[in-house]
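Colleague: Right, I'll just put the structure down here and ask away after.
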Amino acid sequence: MAMASVAALRLVVLLAAAVPLLPPPAASLAVTSTYVRPTARATLSVLHDGDGRTPQQVHISAVGSDKMRVTWITDDDAPATVEYGTVSGEYPFSAAGNTTTYSYVLYHSGNIHDVVIGPLKPSTTYFYRCSNDTSRELSFRTPPASLPFKFVVVGDLGQTGWTASTLRHVAADGYDMLLLPGDLSYADFYQPRWDTFGRLVEPLASARPWMVTEGNHEVERIPVIHPRPFTAYDARWRMPHDAGASPSGSNLYYSFDVAGGAVHVVMLGSYAGYAAGSAQHRWLRRDLAGVDRAKTAFVVALVHAPWYNSNRAHRGEGDAMRAAMEELLYGARVDAVFAGHVHAYERFARVYGGGEDACGPVHVTVGDGGNREGLATRYVDPQPAASAFREASFGHGRLEVVNATHALWTWRRNDDDEAVVADEVWITSLASNPACNKKDSISLY
(Lines give C-alpha, C1' and ligand atoms only; values in the text may rest on other atoms or scores of the structure.)
Protein backbone atom coordinates (compact mmCIF):
# COMPACT_ATOMS: atom_id res chain seq x y z
CA MET A 1 0.00 0.00 0.00
CA ALA A 2 1.38 3.44 -0.92
CA MET A 3 2.41 5.55 2.06
CA ALA A 4 -0.02 8.32 1.02
CA SER A 5 -2.83 5.79 1.10
CA VAL A 6 -1.78 4.58 4.56
CA ALA A 7 -1.75 8.17 5.83
CA ALA A 8 -5.19 8.77 4.40
CA LEU A 9 -6.52 5.58 5.99
CA ARG A 10 -5.04 6.57 9.35
CA LEU A 11 -7.02 9.82 9.17
CA VAL A 12 -10.21 7.98 8.28
CA VAL A 13 -9.75 5.63 11.24
CA LEU A 14 -9.18 8.49 13.66
CA LEU A 15 -12.31 10.27 12.49
CA ALA A 16 -14.47 7.17 12.34
CA ALA A 17 -13.29 5.29 15.42
CA ALA A 18 -16.72 3.97 16.24
CA VAL A 19 -17.27 2.27 12.89
CA PRO A 20 -16.02 -1.35 13.07
CA LEU A 21 -14.61 -2.98 9.97
CA LEU A 22 -14.73 -6.68 9.21
CA PRO A 23 -11.42 -8.59 9.08
CA PRO A 24 -9.85 -8.94 5.62
CA PRO A 25 -11.03 -11.84 3.49
CA ALA A 26 -9.36 -15.19 3.94
CA ALA A 27 -7.42 -14.98 0.68
CA SER A 28 -4.05 -13.19 0.99
CA LEU A 29 -1.31 -12.12 -1.39
CA ALA A 30 1.86 -13.95 -0.34
CA VAL A 31 5.04 -11.90 -0.74
CA THR A 32 8.65 -13.01 -0.31
CA SER A 33 10.88 -9.95 -0.39
CA THR A 34 13.81 -9.92 -2.82
CA TYR A 35 15.74 -7.37 -0.75
CA VAL A 36 19.49 -8.05 -0.71
CA ARG A 37 20.83 -7.83 2.83
CA PRO A 38 24.00 -5.92 3.81
CA THR A 39 26.93 -7.78 5.35
CA ALA A 40 27.24 -8.81 9.01
CA ARG A 41 28.59 -6.45 11.69
CA ALA A 42 30.91 -7.09 14.61
CA THR A 43 29.92 -7.92 18.18
CA LEU A 44 29.99 -4.94 20.53
CA SER A 45 31.34 -4.76 24.09
CA VAL A 46 30.23 -1.66 26.02
CA LEU A 47 32.51 -1.01 29.01
CA HIS A 48 31.58 0.57 32.35
CA ASP A 49 32.94 4.11 32.63
CA GLY A 50 32.23 4.76 36.31
CA ASP A 51 33.48 3.58 39.69
CA GLY A 52 32.17 0.70 41.77
CA ARG A 53 29.26 2.67 43.23
CA THR A 54 28.14 4.22 39.94
CA PRO A 55 24.79 2.80 38.79
CA GLN A 56 24.93 0.96 35.48
CA GLN A 57 22.68 -1.23 33.30
CA VAL A 58 19.61 0.73 34.39
CA HIS A 59 16.29 -0.44 32.98
CA ILE A 60 12.64 0.01 33.92
CA SER A 61 9.50 -2.09 33.61
CA ALA A 62 5.86 -1.32 34.31
CA VAL A 63 4.20 -2.61 37.50
CA GLY A 64 0.45 -2.21 37.43
CA SER A 65 -1.11 0.94 36.02
CA ASP A 66 0.87 3.57 37.93
CA LYS A 67 4.17 2.15 39.15
CA MET A 68 7.56 1.43 37.65
CA ARG A 69 10.27 -1.02 38.64
CA VAL A 70 13.78 0.43 38.36
CA THR A 71 16.61 -2.12 38.18
CA TRP A 72 20.33 -1.39 38.10
CA ILE A 73 23.70 -2.82 39.08
CA THR A 74 26.63 -1.51 41.10
CA ASP A 75 29.94 -3.34 41.41
CA ASP A 76 30.33 -2.26 45.04
CA ASP A 77 27.85 -1.94 47.90
CA ALA A 78 25.38 0.91 47.40
CA PRO A 79 21.88 1.65 48.71
CA ALA A 80 18.87 0.30 46.83
CA THR A 81 17.16 3.67 46.65
CA VAL A 82 15.61 5.77 43.89
CA GLU A 83 14.97 9.49 44.19
CA TYR A 84 12.63 10.99 41.62
CA GLY A 85 10.50 13.96 40.62
CA THR A 86 9.02 15.77 37.63
CA VAL A 87 11.61 18.58 37.54
CA SER A 88 15.24 18.00 36.59
CA GLY A 89 17.47 18.20 39.66
CA GLU A 90 14.59 18.08 42.12
CA TYR A 91 13.68 14.76 43.77
CA PRO A 92 10.87 15.17 46.30
CA PHE A 93 10.00 11.46 46.21
CA SER A 94 12.08 8.44 47.12
CA ALA A 95 11.66 4.70 47.51
CA ALA A 96 13.78 1.82 48.75
CA GLY A 97 13.94 -1.73 47.49
CA ASN A 98 16.01 -4.89 47.52
CA THR A 99 19.53 -5.93 46.54
CA THR A 100 20.46 -9.40 45.33
CA THR A 101 23.39 -11.15 43.68
CA TYR A 102 23.89 -14.45 41.90
CA SER A 103 26.74 -16.78 41.06
CA TYR A 104 27.18 -18.78 37.90
CA VAL A 105 30.09 -21.25 37.89
CA LEU A 106 33.08 -18.90 38.50
CA TYR A 107 31.21 -15.67 37.81
CA HIS A 108 29.79 -13.52 40.61
CA SER A 109 27.40 -10.74 39.67
CA GLY A 110 27.45 -7.18 40.90
CA ASN A 111 24.80 -5.94 43.28
CA ILE A 112 21.45 -6.04 41.49
CA HIS A 113 19.12 -3.39 42.91
CA ASP A 114 15.36 -3.49 42.43
CA VAL A 115 13.04 -0.64 43.49
CA VAL A 116 9.35 -0.06 42.66
CA ILE A 117 8.39 3.61 42.56
CA GLY A 118 5.01 5.29 42.39
CA PRO A 119 2.19 6.08 42.16
CA LEU A 120 3.10 7.94 38.97
CA LYS A 121 1.08 10.18 36.68
CA PRO A 122 0.48 9.00 33.10
CA SER A 123 2.20 10.64 30.11
CA THR A 124 4.64 12.39 32.43
CA THR A 125 8.43 12.71 32.34
CA TYR A 126 10.14 11.80 35.61
CA PHE A 127 13.77 12.52 36.45
CA TYR A 128 15.52 10.10 38.75
CA ARG A 129 18.79 8.95 40.20
CA CYS A 130 19.79 5.62 41.73
CA SER A 131 21.79 4.73 44.85
CA ASN A 132 22.06 8.43 45.85
CA ASP A 133 24.48 8.90 42.97
CA THR A 134 24.75 12.60 42.15
CA SER A 135 26.77 12.12 38.96
CA ARG A 136 23.96 10.66 36.85
CA GLU A 137 20.42 11.88 36.36
CA LEU A 138 18.19 9.70 34.21
CA SER A 139 14.65 10.25 33.00
CA PHE A 140 11.71 8.22 31.74
CA ARG A 141 8.26 8.95 30.39
CA THR A 142 5.27 7.06 31.76
CA PRO A 143 2.87 5.51 29.25
CA PRO A 144 -0.50 7.14 28.53
CA ALA A 145 -3.59 6.04 30.45
CA SER A 146 -5.72 5.81 27.30
CA LEU A 147 -5.45 5.17 23.58
CA PRO A 148 -3.62 5.75 21.30
CA PHE A 149 -0.76 3.60 22.57
CA LYS A 150 2.47 2.79 20.72
CA PHE A 151 4.48 -0.40 21.23
CA VAL A 152 7.83 -1.29 19.72
CA VAL A 153 8.17 -5.06 19.22
CA VAL A 154 11.57 -6.62 18.56
CA GLY A 155 13.13 -9.96 19.44
CA ASP A 156 16.53 -11.66 19.44
CA LEU A 157 18.46 -8.45 20.04
CA GLY A 158 21.97 -9.53 20.94
CA GLN A 159 24.72 -6.92 20.90
CA THR A 160 26.22 -6.41 17.46
CA GLY A 161 26.58 -3.47 15.14
CA TRP A 162 23.16 -4.36 13.74
CA THR A 163 21.73 -4.30 17.29
CA ALA A 164 23.07 -0.77 17.68
CA SER A 165 21.45 0.16 14.37
CA THR A 166 18.13 -1.29 15.51
CA LEU A 167 18.33 0.57 18.82
CA ARG A 168 19.00 3.86 17.04
CA HIS A 169 15.93 3.32 14.87
CA VAL A 170 13.83 2.40 17.91
CA ALA A 171 15.00 5.52 19.76
CA ALA A 172 13.82 7.67 16.85
CA ASP A 173 10.47 5.87 16.64
CA GLY A 174 8.44 7.61 19.37
CA TYR A 175 6.90 4.84 21.45
CA ASP A 176 5.41 4.18 24.88
CA MET A 177 6.64 0.66 25.68
CA LEU A 178 8.95 -1.98 24.21
CA LEU A 179 7.94 -5.65 24.02
CA LEU A 180 10.70 -8.24 23.57
CA PRO A 181 9.73 -11.88 22.83
CA GLY A 182 12.92 -13.47 24.12
CA ASP A 183 16.68 -13.82 23.44
CA LEU A 184 18.10 -10.69 24.99
CA SER A 185 21.86 -10.67 25.49
CA TYR A 186 23.09 -13.84 23.76
CA ALA A 187 25.38 -14.29 26.74
CA ASP A 188 25.24 -18.05 26.12
CA PHE A 189 26.78 -19.01 29.48
CA TYR A 190 29.46 -16.25 29.37
CA GLN A 191 27.99 -14.00 32.06
CA PRO A 192 29.97 -10.78 31.36
CA ARG A 193 27.92 -10.50 28.16
CA TRP A 194 24.87 -9.86 30.34
CA ASP A 195 26.72 -6.83 31.71
CA THR A 196 27.72 -5.47 28.31
CA PHE A 197 24.16 -5.99 27.04
CA GLY A 198 22.76 -4.06 30.00
CA ARG A 199 25.07 -1.16 29.24
CA LEU A 200 24.23 -1.23 25.52
CA VAL A 201 20.46 -1.00 26.01
CA GLU A 202 20.49 1.32 29.03
CA PRO A 203 19.92 4.57 27.08
CA LEU A 204 16.60 3.19 25.83
CA ALA A 205 15.67 0.75 28.60
CA SER A 206 16.07 3.43 31.28
CA ALA A 207 13.77 5.84 29.42
CA ARG A 208 10.79 3.63 28.47
CA PRO A 209 9.46 0.44 30.08
CA TRP A 210 10.84 -2.76 28.54
CA MET A 211 8.62 -5.80 28.99
CA VAL A 212 10.38 -9.05 28.11
CA THR A 213 9.87 -12.79 28.09
CA GLU A 214 12.48 -15.52 27.90
CA GLY A 215 13.98 -17.26 24.88
CA ASN A 216 16.18 -20.31 24.54
CA HIS A 217 19.34 -18.21 25.03
CA GLU A 218 18.14 -17.28 28.52
CA VAL A 219 18.02 -20.91 29.73
CA GLU A 220 21.78 -21.26 30.40
CA ARG A 221 21.43 -24.58 32.17
CA ILE A 222 24.52 -26.78 32.48
CA PRO A 223 23.76 -30.32 33.72
CA VAL A 224 25.47 -31.12 37.04
CA ILE A 225 27.62 -27.92 36.96
CA HIS A 226 24.75 -25.40 37.00
CA PRO A 227 21.43 -27.26 36.74
CA ARG A 228 19.21 -24.27 37.56
CA PRO A 229 17.90 -22.57 34.40
CA PHE A 230 17.25 -18.84 33.87
CA THR A 231 19.53 -17.78 36.73
CA ALA A 232 20.82 -14.58 35.14
CA TYR A 233 17.54 -13.75 33.40
CA ASP A 234 15.46 -14.05 36.57
CA ALA A 235 17.97 -12.05 38.62
CA ARG A 236 18.46 -9.22 36.11
CA TRP A 237 15.10 -8.89 34.35
CA ARG A 238 12.35 -9.23 36.92
CA MET A 239 8.91 -8.74 35.39
CA PRO A 240 5.56 -8.01 37.17
CA HIS A 241 4.51 -11.66 37.47
CA ASP A 242 3.31 -11.06 41.02
CA ALA A 243 1.26 -7.93 40.25
CA GLY A 244 -2.11 -7.15 38.72
CA ALA A 245 -5.37 -9.04 38.69
CA SER A 246 -3.81 -12.28 37.43
CA PRO A 247 -0.45 -13.00 39.12
CA SER A 248 1.29 -16.00 37.55
CA GLY A 249 3.83 -16.87 40.22
CA SER A 250 6.57 -17.22 37.60
CA ASN A 251 8.89 -14.68 36.01
CA LEU A 252 8.72 -16.74 32.80
CA TYR A 253 5.11 -15.80 31.99
CA TYR A 254 2.78 -13.01 33.10
CA SER A 255 0.30 -10.44 31.80
CA PHE A 256 -0.50 -6.77 32.21
CA ASP A 257 -2.82 -4.04 30.95
CA VAL A 258 -2.01 -0.70 29.37
CA ALA A 259 -3.98 2.34 28.21
CA GLY A 260 -6.44 2.10 31.09
CA GLY A 261 -7.23 -1.53 30.32
CA ALA A 262 -7.86 -0.99 26.60
CA VAL A 263 -5.02 -3.41 25.74
CA HIS A 264 -4.20 -6.66 27.52
CA VAL A 265 -0.73 -8.10 26.91
CA VAL A 266 0.06 -11.77 27.60
CA MET A 267 3.73 -12.75 27.84
CA LEU A 268 4.05 -16.52 27.43
CA GLY A 269 7.00 -18.78 28.23
CA SER A 270 8.15 -21.13 25.48
CA TYR A 271 10.59 -22.77 27.91
CA ALA A 272 8.28 -23.20 30.89
CA GLY A 273 5.81 -26.08 31.08
CA TYR A 274 2.84 -25.37 28.81
CA ALA A 275 0.99 -28.66 28.41
CA ALA A 276 -2.61 -28.98 29.60
CA GLY A 277 -2.57 -29.17 33.39
CA SER A 278 0.76 -27.32 33.74
CA ALA A 279 1.01 -24.23 35.93
CA GLN A 280 1.36 -21.95 32.89
CA HIS A 281 -1.60 -23.52 31.11
CA ARG A 282 -3.83 -23.21 34.18
CA TRP A 283 -2.72 -19.58 34.66
CA LEU A 284 -3.35 -18.70 31.01
CA ARG A 285 -6.86 -20.15 31.21
CA ARG A 286 -7.61 -18.01 34.29
CA ASP A 287 -5.99 -14.93 32.83
CA LEU A 288 -7.90 -14.97 29.55
CA ALA A 289 -11.17 -15.84 31.30
CA GLY A 290 -10.79 -12.63 33.29
CA VAL A 291 -10.54 -10.39 30.22
CA ASP A 292 -13.74 -8.46 29.48
CA ARG A 293 -13.66 -7.78 25.75
CA ALA A 294 -16.44 -5.22 26.16
CA LYS A 295 -13.79 -3.10 27.94
CA THR A 296 -10.57 -4.48 26.46
CA ALA A 297 -10.31 -3.54 22.80
CA PHE A 298 -7.16 -5.52 21.95
CA VAL A 299 -5.46 -8.60 23.34
CA VAL A 300 -1.96 -9.43 22.14
CA ALA A 301 0.35 -12.27 23.12
CA LEU A 302 4.11 -12.78 22.92
CA VAL A 303 5.96 -16.09 22.74
CA HIS A 304 9.50 -16.93 21.72
CA ALA A 305 9.24 -19.94 19.37
CA PRO A 306 6.75 -19.08 16.59
CA TRP A 307 3.62 -21.15 16.19
CA TYR A 308 3.49 -20.39 12.46
CA ASN A 309 6.71 -20.31 10.46
CA SER A 310 7.65 -20.91 6.82
CA ASN A 311 11.36 -20.33 7.38
CA ARG A 312 13.50 -23.48 7.33
CA ALA A 313 15.09 -22.41 10.62
CA HIS A 314 13.41 -23.78 13.78
CA ARG A 315 10.52 -25.26 11.83
CA GLY A 316 8.07 -27.07 14.07
CA GLU A 317 9.67 -25.97 17.36
CA GLY A 318 6.54 -24.10 18.42
CA ASP A 319 4.09 -26.76 17.30
CA ALA A 320 3.70 -28.52 20.67
CA MET A 321 2.99 -25.26 22.46
CA ARG A 322 0.54 -24.25 19.75
CA ALA A 323 -1.27 -27.57 20.13
CA ALA A 324 -1.55 -27.01 23.88
CA MET A 325 -2.54 -23.34 23.95
CA GLU A 326 -3.86 -22.14 20.61
CA GLU A 327 -7.46 -22.99 21.44
CA LEU A 328 -7.30 -20.81 24.56
CA LEU A 329 -6.05 -17.83 22.58
CA TYR A 330 -8.61 -18.40 19.85
CA GLY A 331 -11.43 -18.63 22.36
CA ALA A 332 -10.38 -15.32 23.89
CA ARG A 333 -10.21 -13.74 20.44
CA VAL A 334 -6.56 -12.73 20.82
CA ASP A 335 -5.84 -10.24 18.05
CA ALA A 336 -2.14 -10.79 17.40
CA VAL A 337 0.70 -13.09 18.47
CA PHE A 338 4.32 -11.91 18.21
CA ALA A 339 7.26 -14.32 18.28
CA GLY A 340 11.05 -14.33 17.91
CA HIS A 341 13.52 -17.22 17.63
CA VAL A 342 13.67 -17.26 13.82
CA HIS A 343 16.15 -14.59 12.74
CA ALA A 344 13.98 -13.07 10.06
CA TYR A 345 10.64 -11.32 9.64
CA GLU A 346 7.37 -12.95 8.67
CA ARG A 347 3.73 -11.92 8.94
CA PHE A 348 0.88 -14.38 8.58
CA ALA A 349 -2.76 -13.64 7.91
CA ARG A 350 -5.28 -14.45 10.64
CA VAL A 351 -4.80 -18.15 11.30
CA TYR A 352 -6.05 -20.94 13.55
CA GLY A 353 -5.65 -24.69 13.48
CA GLY A 354 -3.02 -24.54 10.76
CA GLY A 355 -5.03 -22.53 8.25
CA GLU A 356 -6.52 -19.12 7.60
CA ASP A 357 -9.37 -18.14 9.90
CA ALA A 358 -10.94 -14.68 9.96
CA CYS A 359 -11.39 -14.92 13.75
CA GLY A 360 -7.86 -16.08 14.55
CA PRO A 361 -4.88 -13.93 15.54
CA VAL A 362 -2.43 -12.34 13.14
CA HIS A 363 0.91 -14.11 13.74
CA VAL A 364 4.15 -12.15 13.32
CA THR A 365 7.77 -13.28 13.72
CA VAL A 366 10.21 -10.48 14.64
CA GLY A 367 13.35 -12.37 15.66
CA ASP A 368 15.43 -9.87 13.73
CA GLY A 369 16.86 -7.44 16.27
CA GLY A 370 20.53 -7.91 15.33
CA ASN A 371 21.91 -11.01 17.07
CA ARG A 372 25.39 -12.39 16.38
CA GLU A 373 24.15 -15.67 14.88
CA GLY A 374 23.05 -13.86 11.73
CA LEU A 375 19.92 -14.13 9.62
CA ALA A 376 17.81 -17.15 8.68
CA THR A 377 17.73 -16.76 4.91
CA ARG A 378 16.15 -20.01 3.72
CA TYR A 379 12.37 -20.26 3.35
CA VAL A 380 10.02 -23.03 2.34
CA ASP A 381 9.07 -22.81 -1.32
CA PRO A 382 6.36 -22.25 -2.43
CA GLN A 383 5.34 -19.70 0.16
CA PRO A 384 2.25 -20.84 2.10
CA ALA A 385 -0.88 -18.89 1.21
CA ALA A 386 -1.33 -17.79 4.84
CA SER A 387 2.16 -16.23 4.89
CA ALA A 388 1.47 -12.66 3.81
CA PHE A 389 5.01 -11.22 3.86
CA ARG A 390 8.46 -12.57 4.71
CA GLU A 391 11.98 -11.18 4.54
CA ALA A 392 15.30 -12.19 6.10
CA SER A 393 16.53 -8.82 7.33
CA PHE A 394 17.23 -7.14 10.63
CA GLY A 395 14.70 -4.57 11.81
CA HIS A 396 11.96 -3.82 14.31
CA GLY A 397 8.17 -3.55 14.44
CA ARG A 398 5.75 -1.01 15.80
CA LEU A 399 2.17 -1.66 16.90
CA GLU A 400 0.17 1.53 17.24
CA VAL A 401 -3.21 0.86 18.84
CA VAL A 402 -5.00 3.88 17.42
CA ASN A 403 -8.44 3.39 18.96
CA ALA A 404 -10.84 0.69 20.16
CA THR A 405 -11.22 -0.86 16.71
CA HIS A 406 -7.95 -0.40 14.82
CA ALA A 407 -4.22 -0.89 15.27
CA LEU A 408 -1.51 -0.18 12.69
CA TRP A 409 1.35 -2.70 12.46
CA THR A 410 4.52 -1.52 10.73
CA TRP A 411 7.79 -3.38 10.21
CA ARG A 412 10.93 -1.38 9.44
CA ARG A 413 13.97 -3.11 8.01
CA ASN A 414 17.51 -1.94 8.79
CA ASP A 415 18.47 -0.84 5.28
CA ASP A 416 22.12 -0.13 6.08
CA ASP A 417 21.64 2.66 8.65
CA GLU A 418 18.15 3.72 7.56
CA ALA A 419 14.86 2.39 8.97
CA VAL A 420 12.78 1.65 5.89
CA VAL A 421 9.10 0.63 6.06
CA ALA A 422 8.89 -2.74 4.32
CA ASP A 423 5.56 -4.10 5.60
CA GLU A 424 2.48 -2.34 6.98
CA VAL A 425 -1.05 -3.51 7.70
CA TRP A 426 -4.10 -2.43 9.69
CA ILE A 427 -5.37 -4.90 12.29
CA THR A 428 -9.03 -4.72 13.28
CA SER A 429 -9.98 -5.70 16.82
CA LEU A 430 -11.81 -9.02 16.89
CA ALA A 431 -13.89 -7.66 19.75
CA SER A 432 -15.43 -5.22 17.27
CA ASN A 433 -16.35 -7.94 14.75
CA PRO A 434 -19.85 -9.36 15.42
CA ALA A 435 -19.10 -12.45 13.31
CA CYS A 436 -16.33 -13.44 15.74
CA ASN A 437 -18.35 -12.90 18.89
CA LYS A 438 -21.32 -15.21 18.52
CA LYS A 439 -21.74 -17.26 21.66
CA ASP A 440 -21.53 -20.51 19.78
CA SER A 441 -18.32 -19.48 17.96
CA ILE A 442 -16.14 -18.99 21.03
CA SER A 443 -14.48 -21.91 22.77
CA LEU A 444 -15.43 -22.20 26.40
CA TYR A 445 -12.47 -22.04 28.76
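Colleague: Mind ranking 264-270, 98-104, 198-204 by how tightly packed they are, going by the mean number of other C-beta atoms within 10 angstrom, highest first? Mind dumping the intermediate values first?
Modeller: Values: 264-270: 25.3, 98-104: 14.4, 198-204: 19.9.
Descending mean neighbour count gives 264-270, 198-204, 98-104.
Colleague: Further, regarding this structure: Using only protein heavy atoms and a 1.4 Å probe, report how much of Phe189 is accessible, in Å² to the nearest 10.
Modeller: 100 Å²
Colleague: Rounded to the nearest 0.05, what FRET efficiency is calculated for Lys121 and Val420 with R0 set to 35 Å and r the Cβ-Cβ distance?
Modeller: Result of the calculation: an efficiency of 0.45.
Colleague: Within a Cβ distance under 12 Å of Arg378, other residues only, what is the Lys/Arg minus Asp/Glu net charge?
Modeller: Numbers: positive: Arg312, Arg315, Arg390; negative: Asp381.
Local net charge: +2.
Colleague: A further question follows. May I ask you to evaluate 6.51 cos²θ - 1.76 cosθ + 1.60, the Karplus curve with θ = phi - 60°, for each residue of region 114-131 and list the ³J(HN,Hα) values in order in whole Hz, giving x for glycine and proline?
Modeller: 9, 9, 9, 10, x, x, 10, 7, x, 6, 10, 8, 10, 9, 8, 9, 10, 6
Colleague: Given points 7 Å out from each Cα along the Cα-Cβ axis, report the Ala276 to Asp319 separation in nanometres with one decimal.
Modeller: With each label point 7 Å from Cα toward Cβ, the separation is 1.9 nm.
Colleague: Can you compute the helix-only [θ] at 222 nm over the chain? Use -39500 (n - 2.57) per DSSP H run of at least 4 residues, normalise by all residues, nearest 500 deg cm²/dmol.
Modeller: Details: 6 runs with 68 residues, N = 445.
Theoretical 222 nm ellipticity from helices: -4500 deg cm²/dmol.
Colleague: Hey, got the dipole for region 145-436? About the Cα centre, +1 on K and R Cβ, -1 on D and E Cβ, debye to the nearest 20?
Modeller: On the way: 26 positive and 34 negative charges, 107 e Å.
It comes to approximately 520 debye.
Colleague: Comparing Val366, Val351, Val31, which has the greatest mean-square fluctuation in the GNM of the chain with Cα pairs linked when under 10 Å apart?
Modeller: The residue with the greatest mean-square fluctuation here is Val31.
Colleague: How many Å² of accessible area per residue for region 54-142, probe 1.4 Å? Let's see the in-between values first.
Modeller: Details: 3900 Å² over 89 residues.
Spelled out: the 1.4 Å probe surface of region 54-142, per residue, equals 44 Å².
Colleague: Sort 180-188, 237-245 by the packing proxy (mean of other Cβ within 10 Å over each peptide's residues), most packed first.
Modeller: Final packing ranking: 180-188, 237-245.
Colleague: Another question, if that's okay. Using mean Cβ contacts within 10 Å as the protection proxy, how do 220-226, 302-308 order, highest first? Before the final figure, lay out each step's value.
Modeller: Values: 220-226: 11.4, 302-308: 27.4.
For the peptides 220-226, 302-308, the packing ranking is 302-308, 220-226.
Colleague: So what does Thr231 come to for accessible area, using a 1.4 Å probe and Å² rounded to 10?
Modeller: Ignoring ligands and nucleic acids, Thr231 comes out at about 10 Å².
Colleague: Additional query: Each residue of region 278-290 in turn: what ³J(HN,Hα) in whole Hz from Karplus with 6.51, -1.76, 1.60 and θ = phi - 60°, glycine and Pro shown as x?
Modeller: Each residue of region 278-290 in turn: 6, 4, 5, 5, 5, 5, 4, 4, 5, 4, 5, 5, x Hz.
Colleague: Could you pull the accessible area for Asp417 with a 1.4 Å probe, rounded to 10 Å²?
Modeller: Approximately 80 Å² of Asp417 is accessible to the 1.4 Å probe.
Colleague: Can you compute the modelled spin-label distance between Asp381 and Ala172, with each label point 7 Å from Cα toward Cβ, in nm?
Modeller: So the label points at Asp381 and Ala172 sit 3.4 nm apart.
Colleague: Moving on. Got a number for carbon plus sulfur as a percent of the chain's accessible area, 1.4 Å probe?
Modeller: Numbers: 9620 of 17480 Å².
Accessible surface attributable to carbon and sulfur in the chain totals 55 percent.
Colleague: For the chain, what number of Lys pairs, 8 or more residues apart or on separate chains, have alpha-carbon atoms under 19 Å from each other? Intermediate results must be reported in sequence, preceding the final value.
Modeller: Numbers: Lys67/Lys121; Lys67/Lys150; Lys121/Lys150; Lys150/Lys295; Lys295/Lys438; Lys295/Lys439.
Pairs that pass both the separation and distance tests number 6.
Colleague: Taking θ = phi - 60°, what integer Hz values does the Karplus form 6.51 cos²θ - 1.76 cosθ + 1.60 yield along region 245-261, in sequence order, with x for Gly and Pro?
Modeller: Each residue of region 245-261 in turn: 7, 9, x, 9, x, 9, 6, 8, 7, 5, 8, 7, 10, 9, 6, x, x Hz.
Colleague: Please tell me the relative contact order of the chain in percent, rounded to the nearest whole number, where contacts are Cα pairs under 8 Å and at least six residues apart. Each step should come with its number before you reach the end.
Modeller: Working: 1106 pairs, mean separation 81.0, N = 445.
Value for the chain: 18 percent.
Colleague: Rounded, prolate or oblate: pick one for region 271-331, where a ≥ b ≥ c are the square roots of the eigenvalues of its C-alpha gyration tensor, a/c under 1.5 means rounded, and failing that, prolate if a/b is larger than b/c, else oblate.
Modeller: Numbers: a/c = 2.79, a/b = 1.53, b/c = 1.82.
Because a/c hits 1.5 or more and a/b fails to exceed b/c, region 271-331 counts as oblate.
Colleague: While we're looking at this one, here's another question. Would you mind working out the accessible area per residue for region 319-390, using a 1.4 Å probe, and quoting it in Å²?
Modeller: Working: 2060 Å² over 72 residues.
I get 29 Å² per residue for this part.
The values are calculated or read from the model by the stated rules, or taken from the named source; none is laboratory data. All values reported here derive from a predicted model rather than from experimental measurement. As a convention, Cβ positions derive from the backbone with ideal geometry for all residues, glycine included, and neighbour counts pool all protein chains shown. Heads up: the accessible areas ignore ligands, DNA and RNA and are worked out on the full protein's heavy atoms, side chains in. Shrake-Rupley method; radii C 1.70, N 1.55, O 1.52, S 1.80 Å.
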